[in-house]
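The values are calculated or read from the model by the stated rules, or taken from the named source; none is laboratory data. Here the structure is a predicted model, which means the values were calculated and not measured. In this analysis, Cβ positions are derived from the backbone assuming ideal geometry, glycine residues included, and neighbour counts consider all displayed protein chains. Areas reflect the complete protein model, heavy atoms only, side chains present, ligands, DNA and RNA absent. Shrake-Rupley method; radii C 1.70, N 1.55, O 1.52, S 1.80 Å.
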Amino acid sequence: MSAPAAIRIRSVSKHYGALRALHELSLDVMPGEFFGLLGPNGAGKTTLISVMAGLARPTSGSIEIMGHDVGSDYRRARRQLGVVPQELVFDPFFTVRELLRIQSGYFGLARNDAWIDEILGHLDLLPKADANMRALSGGMKRRVLVAQALVHRPPVIVLDEPTAGVDVELRHGLWQFIRKLNRDGHTIVLTTHYLEEAQALCGRIAMLKNGRIVALDSTKALLRRFATHSLRLRLSNPDVGVALGGVAEDEGGWLVFGFDAMADVETLLRRLREAGAGVEEMTLGEPELEQVFMELMQHA
Amino acid sequence: MREHGASGWVGFRTLLYKEIWRFWKVSFQTVGAPVLNALLFLLIFSHVLDRHVTVYGDIAYTTFLVPGLVMMSLLQNAFANSSSSLIQSKITGNIIFVLLPPISHREFYAAYVVASVVRGLFVGLGVWLVSLPFIDLPMVRPLWVLVFAVLGGAILGSMGVIAGIWAEKFDQLSAFQNFLIMPLTMLSGVFYSIHSLPPLWQDVSHVNPFFFMIDGFRYGFFGQSDVSPWLSLGVVSVCFMLLAAVTLAMLVRGYKLRG
Ligand SMILES: Nc1ncnc2c1ncn2[C@@H]1O[C@H](COP(=O)(O)OP(=O)(O)OP(=O)(O)O)[C@@H](O)[C@H]1O
Ligand SMILES: [Mg+2]
């Protein structure tokens with residue numbers, strides 16, 4: 001038998017009345033993976049996370065976290081899982097440190113101060129440790145949500161848009177921290193609408209639309225399969241370029257050429273030379289996940 | 001199962017502690033205000049009625065009234081504690097922080113109910129204490145007083161959990177309070193002995209579980225009551241067990257908490 005998946009999702013459906021928020025969805029996330037869950041608004045990402053966390057019950061299907069069924073073995077399953085919710089929720093009665101102590105207690109940890117201080121440090125929250133939740137800015141509240149999800153050192157961490165509303169500097173801080181957690185062996189599942197973020201962080205990606213998976217592959221393979229390299233050129237004789245398939249940009253006299261493989265660039269440059277069109281300036285565009293996303297969402 | 005030194009009781013203890021802490025942080029409103037309310041009742045009723053009415057032969061009306069007021073305040077605040085905590089958490093969304101951890105259904109139920117009992121006891125104790133300078137109130141059977149205080153608080157705490165889970169808005173919660181809890185309390189003999197009622201109303205009172213809570217509670221003070229304290233204890237215990245079973249079944253099913 002192979003090692004159990006960190007998250008094992010089998011034929012999960014979730015219906016809200018006539019609406020099929022999730023439809024016969026199956027997915028395995030392996031231990032140690034950095035996994036991205038992408039999709040447009042309403043695709044079913046949060047619903048899937050809620051079902052994993054036991055916040056919602058699937059209409060049918062089953063889910064295991066580190067081999068524990070979230071229904072029949074819910075106590076063990078929940079101990080393995082840390083969830084950063086999408087909504088900015090907080091308990092206005094308590095300070096940051098009080099909340100983290102309480103959250104530790106809920107997970108059965110009576111003394112957890114050393115680890116709480118460590119998390120607060122990583123998330124730049126130490127100066128606010130004794131501030132009431134009400135007195136924090138939105139981005140700080142979001143970081144407290146991250147801290148709350150980590151108090152019990154869960155092997156599997158699910159973050160539902162953790163960087164929404166977080167400023168650039170902190171976003172990078174958060175990335176580093178999540179990367180470190182991943183290096184330390186935690187399995188990470190991330191949802192985000194910032195595709196460059198997913199591209200930079202995630203090793204594997206599932207794209208959801210209308211409650212179904214429309215693509216599931218390593219980030220590299222997805223980029224290779226769907227995205228094109230692009231070459232931007234400024235030519236001494238643009239007409240030759242247009243004849244060879246270049247698309248003119250609105251400004252600056254640039255032409256854009258798309259390629260499925262880098263080898264085709266050779267061919268193009270040779271043909272341009274033969275036609276007597278000199279290359280004045282050139283930039284090379286990397287494939288972007290955004291292209292893949294747009295492609296998939298339009299055609300799936 | 002123990003992991004990272006985690007132990008099962010800590011979850012329950014933490015939730016209980018948090019629920020108590022929550023009302024204690026605003027004890028001026030959650031304990032002080034109801035005690036003041038009861039004190040006003042006491043002053044007004046005693047001024048109006050004391051010289052005219054006696055109960056159980058020779059007990060002055062005010063003396064008779066105080067245990068009823070203590071119990072009424074206790075019950076109302078036990079209900080308020082669990083119901084308001086749950087509905088606030090649901091509306092603000094922070095209920096997820098108690099739904100994500102591995103807290104069992106029983107621990108969850110017990111924590112909310114015990115916290116309700118504690119708030120009820122604080123308020124009841126407060127009302128009793130402020131009444132002491134005004135009246136000479138006996139307490140013949142303290143154990144009965146305690147047993148009915150705890151059971152009454154647990155019953156209303158459970159009703160609060162049910163109402164807090166069921167209600168989606170604050171006005172649904174106040175409907176529950178105004179159309180169920182208040183009438184049952186008011187018609188239970190807080191302000192009178194049911195022997196002073198016409199026979200029909202006496203019969204009606206006997207199907208009201210609140211009557212047995214208050215009658216048994218009063219027995220602890222005076223050693224006299226409208227019905228046998230053992231009967232009251234039986235009714236109240238059965239009532240509590242039924243409510244506990246209903247509440248636990250709701251939690252196991254995830255009714256309205258886990259969509
Ligand atoms: N409690 C609910 N009752 C009814 N419908 C719901 C409920 N929760 C979610 N839905 C519906 O299920 C679908 C999926 O919603 P979900 O929140 O999972 O989307 P999402 O992928 O997280 O979107 P976003 O990127 O906007 O967060 C939506 O059509 C939504 O309206
Ligand atoms: Mg969402």
query: Given the residues B:L151, B:L146, which is the only one that is surrounded by fewer than 17 Cβ atoms within 10 Å (Cβ to Cβ) and either more than 14 Å from chain A (Cβ to nearest Cβ) or more than 24 Å from A:R78 (Cα to Cα) (or both)?
result: B:L146
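Residues checked against (1) of a type in the set (D, E); (2) in contact (Cβ under 8 Å) with a residue 60 or more places away in the chain; (3) within 16 Å of ligand 2 (Cβ to nearest atom); (4) surrounded by fewer than 16 Cβ atoms within 10 Å (Cβ to Cβ):
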site	(1), (2), (3), (4)
A:P31	no, yes, no, yes
A:A56	no, no, yes, no
A:G71	no, no, no, yes
A:Y106	no, no, no, no
- line: Flagged pairs (Cβ under 6 angstrom, 6 or more apart or on separate chains; first in region A:110-121, closer than 17 Å to B:K18 by Cβ; second at pLDDT 95 or above) are A:N112/A:S104; A:I116/A:L100
query: Tally time: how many residues in region A:155-192 are within 16 Å of ligand 2 (Cβ to nearest atom), away from chain B (no Cβ under 14 Å) and modelled with pLDDT of 95 or more?
result: 3
query: Do the conditions hold for A:L38, that is, is it free of Cβ contacts under 8 Å to residues at least 12 places away in the same chain and over 17 Å from A:I65 (Cα atoms)?
result: no
- prompt: Which of the following residues is more than 8 Å from ligand 1 (Cβ to nearest atom) and either away from chain B (no Cβ under 12 Å) or closer than 25 Å to A:Q176 by Cα (or both): A:G42, A:G36, A:G54?
  reply: A:G36
query: Take the residues of region A:260-288 that are modelled with pLDDT under 80 and touching a Ser or Thr at 6+ places or on another chain (Cβ under 7 Å): which is most open to solvent (accessible area, probe 1.4 Å)?
result: A:D260
query: Quick check: is even one residue across region A:11-29 β-branched (V, I, T) and either open to solvent by 10 Å² or more (accessible area, probe 1.4 Å) or at pLDDT below 95 (or both)?
result: no
field: Some residue of region B:121-139 being more than 14 Å from chain A (Cβ to nearest Cβ) and among the acidic types (D, E)
entry: yes
task: Identify all residues within region A:113-135 that are in a loop (DSSP other than H, G, I, E, B), open to solvent by 10 Å² or more (accessible area, probe 1.4 Å) and modelled with pLDDT under 95; write none if there are none.
output: A:D124
task: Only one of these is closer than 28 Å to B:L231 by Cα and at pLDDT 95 or above: B:W144, B:W166. Name it.
output: B:W144
